[in-house]
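Okay, so here's the structure we're looking at.
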Amino acid sequence: MSDPSRPTDSGTAPPITAAAGAGASDAARTACVLLVDDIPSNLRVLYESLNGRDYRLLVANGGAQALEIAQRSHPDLILLDIMMPDMDGFEVCRQLKADNDTADIAVIFLSALDDAADKIHGLELGAVDYVTKPFHPEEVAARVEAHCKILRLERELAQRNRQLELVRDRILSSMVEAVLGLDAEGRASFVNPAAERLFGLGNECLLTRELSDWEPAALRQSILRVLAEQRELSLDELALPRPDGSTVPVELRAAPIADAAYPAGVVVVLRDLSERRRVEAKLHRTSDELSRSHRELQAAQMQLVQAAKLESVGRLAAGVAHEVKNPLAIAQLGLDYLEQVSCADAVSCQVLADMQQALSRADTVVRGLLDFSRERALHLKRGDINDAIHNSLRLVRHELTQRNIAVRTTLAEAIPERPVDADKLRQAFLNLFMNAMHAMEHDGTLAIHSSLCTLASDELGPHARDAGFLPGDRVIRIAIEDTGPGIDPDDLGLLFDPYFTTKRQGEGTGLGLSVTRNIVTLHGGSIELFNRPAGGACALLLFHPEAVDVGTAPRSREALLRDRTERQRNTDR
């Protein structure tokens with residue numbers, strides 16, 4: 001073995017460099033120890049004390065050489081003599097700790113100086129231990145082993161901390177919530193990518209913000225409160241401003257920081273609520289649509305129940321009417337015979353006239369029942385709706401004159417012809433004119449308007465919607481207005497029900513409006529009754545300029561809704 005007191009130019013004696021038990025593959029984990037002393041015999045003792053203990057040993061015989069080797073080889077531990085001629089150990093330690101490249105090297109002083117002041121001075125310079133000479137080799141070996149173990153544990157801990165920091169950074173980078181780390185002055189010390197996206201600003205801009213730069217005011221106040229009270233704080237929602245002038249709804253959570261890395265500070269977590277608000281709005285819309293659909297379904301079910309009830313009543317009424325019609329015919333024949341052969345006095349004539357009126361009324365009721373229950377096939381021919389209005393007016397002109405009711409007609413000439421059942425339309429208009437006339441009784445005005453126009457949304461009533469009309473449709477509009485007392489609001493929803501009448505007992509059958517609505521529906525139209533703001537009532541009828549294929553029976557509500565939906569989609573496009 002070569003003499004360790006005669007190191008090579010590199011400061012490493014060959015036998016020492018290849019320490020016993022240290023293979024090339026172990027160099028990375030083998031602790032490197034630099035032995036520094038100006039006395040060769042002391043170096044030999046140190047070497048022999050540590051030889052065979054799995055260390056990589058380097059030697060230096062002076063302070064300057066020790067600094068040179070430390071810069072080049074960066075040992076883990078230096079056993080450093082204090083009293084050396086060229087540079088004492090205290091100065092070597094001071095220069096080592098002043099250099100960032102060597103500041104982390106552990107230093108153990110070896111010296112004959114055993115004064116407490118020297119020991120304190122050495123430890124103050126950054127040494128980890130102080131061994132006085134003469135020393136026991138086993139004691140030095142034990143101290144070196146202990147400090148190398150501490151160094152190894154510190155490095156493992158540092159490595160673990162670096163790994164944890166990488167995991168933390170990955171977690172922060174992957175979080176959808178914005179995370180801000182602020183110091184005690186409210187300045188950002190770290191931000192994650194989600195924070196950059198939420199604020200609409202880059203990392204470099206956020207990291208230069210002062211406390212006064214954080215907006216809105218509720219955010220600044222929350223930071224100050226957490227710093228002052230050192231407890232967690234949360235806000236359900238605040239509006240976070242962005243550079244483009246918009247705001248983002250966010251949920252805030254803030255907690256104090258108190259550890260070695262951040263003696264005082266705040267962690268702020270901001271969660272973007274925009275998507276939640278969009279989902280909530282969509283849920284509200286869906287809920288409203290479901291509620292509306294539920295109401296429509298209930299209305300449709302009620303209509304189906306009512307339709308079934310009316311069908312049963314209609315069949316019963318038809319049977320009764322057929323049974324009553326024949327006896328009425330016989331009674332009418334008998335009454336006609338009595339009028340021809342009787343030579344009674346005036347009283348008898350009056351009785352016969354009353355009987356004739358009663359039979360006529362009974363016949364009217366029977367005919368109404370039969371018409372209501374009869375299959376409603378249309379006999380369509382192209383015709384002018386205005387003609388049906390004129391023909392119906394002729395039938396009531398005499399009674400209107402007797403009641404002193406003025407008639408005003410404003411009928412547009414541009415209304416196109418369309419397939420109609422003229423007889424049924426005349427019946428419908430006649431029913432409406434008679435109702436208006438009976439409502440006014442005497443001294444009023446019956447106004448009739450027709451036009452080809454665009455349907456306004458405020459004239460789209462329930463029957464029109466069910467018939468498939470939409471705002472903006474081109475329609476034939478018929479308005480029949482009177483100056484009577486109007487309709488009782490409680491009766492508006494019942495006027496089209498069969499057998500419902502607002503007339504005095506014995507004056508109406510309650511079938512006229514129901515039959516009228518069925519006729520209008522068979523023509524693909526709609527009818528609404530409402531009170532006019534100026535007084536009186538109005539019947540508003542809507543027809544398509546061209547015939548709508550409604551078949552031979554009223555369309556189902558489901559079919560009308562399907563047509564309406566399809567037409568709405570075409571309109572949206």
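The values are calculated or read from the model by the stated rules, or taken from the named source; none is laboratory data. Everything numeric in this text was worked out from a predicted model, so none of it was measured. Virtual Cβ from ideal backbone geometry, glycine too; neighbours counted across all protein chains shown. We work out accessible area using only protein heavy atoms, side chains counted, and drop any ligands, DNA or RNA first. Shrake-Rupley method; radii C 1.70, N 1.55, O 1.52, S 1.80 Å.
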Exercise. Can you work out the FRET efficiency for the pair Glu229 and Ala64, with r the C-beta to C-beta distance and R0 = 41 Å, to the nearest 0.05?
Worked result: 0.10
Problem set entry | Relative contact order, percent, the stretch 31-164 [alpha-carbon distance under 8 Å, six or more residues apart] | 22 percent
For this session: Multiply the residue gap between His449 and Lys282 by 0.36 nm, knock off their C-alpha separation, and tell me the result in nm, one decimal place.
Result: 55.7 nm
Exercise. Using a 1.4 Å probe on the protein chains only, how many percent of the accessible area of the stretch 175-272 belongs to carbon and sulfur?
Worked result: 52 percent
Exercise. Could you give the accessible area per residue of the stretch 434-493, probe 1.4 Å, as a whole number in Å²?
Worked result: 43 Å²
